[in-house]
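Only one structure is covered here, and it is reproduced in the block below.
Here, each number is a calculation from the coordinates, and none is a lab measurement. Model, not experiment: these values are computed from the prediction. Positions of Cβ are generated from backbone atoms using ideal geometry, with glycine treated the same way; all protein chains shown enter the neighbour counts.
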Amino acid sequence: MHTDWLNLLIQQLKETGWLQWIAVILGIAEVLYAKANKILLYPVGIAATLLSIYLLYSVGLFAECLLNGYYVVMSFYGWWYWIKKKNLPPVAVSYCNKKEWTITACIVVIGWVLLAFLLKRFTSSTVPVWDAWVSATAWAGMWLLAKRKIENWVLLNISNAFAIPLLFYKQLPLFAMLTIFLFVIAVQGYYQWRKIIQQHHEPGPSSITVY
């Protein structure tokens, strides 16, 4: 069993084109910049996502292209949001308030239901509900990242946690291993952002103490 996965991974590495490697490297750089709370995460992330859209389109994964298109839009929004107060202090890292939690829940639930329906109705997906959940939680995480909310790491890792077994199930061990790496970085990012909040003496709401 382990030998089969290793052989599949080696085969994937041999067959991976240079554009895919660039997209993966840029994707890793984006997460590292996000962990460090650096605005460079957005231009790097946009470049990675645009490359991914091109690669996905070339193999006919049109639904995935649309999802990545959403990431591009949210990245541009986040980039603008972070720098809009040019002559004022930058947008601070903070915890979600009740309104933002409500919006986050709506993004997850509505996105999950809508995307699952579209995947069932218009694609040949064999895991529409699972795939939709991974995407919907990632959507919410991207929105929270754009707002510089610490909970973005929680939502992104919920997405990662479900994506890892999904990628193995789909026999994509290379991408599953990348997602494991992103999961670890996201855990580190959460604690690093929490330290930033503590340094600015900004206590989170009582409902956040569960973390």
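What FRET efficiency comes out for the pair residue 196/residue 129, r = Cβ-Cβ distance, R0 = 41 Å, nearest 0.05? Before the final figure, lay out the partial values.
On the way: r = 36 Å, r/R0 = 0.88.
Efficiency, from the Cβ-Cβ distance: 0.70.
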Gained length - residue 81 relative to residue 19, 0.36 nm times residue gap less alpha-carbon distance: 19.4 nm
In nm, spacing of pseudo-spin labels at residue 117 and residue 66 (7 Å Cα→C-beta vector): 1.2 nm
